[in-house]
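Beneath this line is the structure, given in structure tokens, with notes to follow.
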Amino acid sequence: MSSLDQAVQTQINNIQKKTGRTLAELAAIAKKSGLTRHGELRDMFKEKLGLGHGDANALVHAVLDSDGTRAAEGKSANAVLDEIYSGPKAAFRPIHEKLMKEIGKFGEFESVPKKGYVSLRRKKQFAMLGPKTNSRFEVGINAKDLQKNARLLEQPKGSMCNYIINLTNTGEVDAELIAWIHSAFEDAGPL
């Protein structure tokens with residue numbers, strides 16, 4: 001089992017403890033709700049069970065068996081990247097490549113391509129990279145207590161990342177951004 005699979009399983013186990021319900025019981029709640037869309041189910045779990053965004057999101061993926069890892073299963077990393085950076089999003093591949101070149105200098109980490117982004121992990125996830133829309137590339141960073149900055153968009157507690165940085169070109173991959181990612185890398189502990 002990869003460290004990412006272990007982390008997801010730990011999160012699901014913790015959700016079951018928090019809610020006092022098994023995964024089967026939580027799946028039954030989803031089915032009984034009549035909701036089928038991911039966002040609707042996530043919001044229902046947040047409201048009904050008091051889960052944070054990240055936990056509710058992970059729970060929906062578990063219930064629907066729809067996480068990005070499964071969508072990328074059986075494909076090479078390059079094939080998944082080719083899918084992520086296709087069509088109008090192809091222009092963002094140079095941003096991805098530049099970021100990976102800089103992050104590669106930090107030391108060992110695991111790169112896990114998902115359906116629409118790449119998760120970067122050590123003991124835990126420290127960053128997420130990928131095109132958010134056809135006109136915006138997003139870097140998610142899991143670091144604590146970064147100094148306030150207009151580029152750093154702080155995310156609500158329980159989100160997949162603590163901060164989001166939006167990019168539109170390779171010139172925005174600068175020393176400041178790399179320092180923030182490096183801080184998250186260090187906080188994530190060894191692989």
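Would you be able to say whether some residue in region 97-104 is in the same structural domain as CYS161 (by TED's automatic domain parsing) and more than 19 Å from SER183 (Cα to Cα)? Show your work before the answer.
We begin by selecting, within region 97-104, every residue in the same structural domain as CYS161 (by TED's automatic domain parsing); these are 97-104.
Next, from what is left, pick out any that are more than 19 Å from SER183 (Cα to Cα): 97.
The answer is yes; a qualifying residue exists.
Could you please find all residues in region 145-165 being over 13 Å from MET128 (Cβ atoms) and not small (Gly, Ala, Ser)?
Pass one, region 145-165, residues over 13 Å from MET128 (Cβ atoms): 145-154, 156-158.
Matches in region 145-165: ASP145, LEU146, GLN147, LYS148, ASN149, ARG151, LEU152, LEU153, GLU154, PRO156, LYS157.
With a cut-off of at least 2 residues that are closer than 19 Å to SER159 by Cβ, name the strands (runs of 3 or more DSSP E) lying wholly within region 96-138.
On the way: elements: 110-113, 118-121, 125-133.
Filter on region 96-138 gives 118-121, 125-133.
Mind checking which residues of region 154-191 are loosely packed, with under 14 Cβ neighbours inside 10 Å and part of a strand (DSSP E or B)?
GLU154
Quick check on my filter: what residues within region 135-183 are small (Gly, Ala, Ser) and on the phi > 0 side of the Ramachandran plot? Don't jump to the end; show me each part of the working.
So the first thing to find is which residues in region 135-183 are small (Gly, Ala, Ser), and the list is 135, 140, 143, 150, 158-159, 171, 175, 179, 183.
Answer for region 135-183, where residues must be small (Gly, Ala, Ser) and on the phi > 0 side of the Ramachandran plot: just GLY158.
The values are calculated or read from the model by the stated rules, or taken from the named source; none is laboratory data. Note that the structure is a prediction, hence the values are computed from the model and not measured. Backbone-built Cβ (ideal geometry, glycine too); neighbour counts: all protein chains shown.
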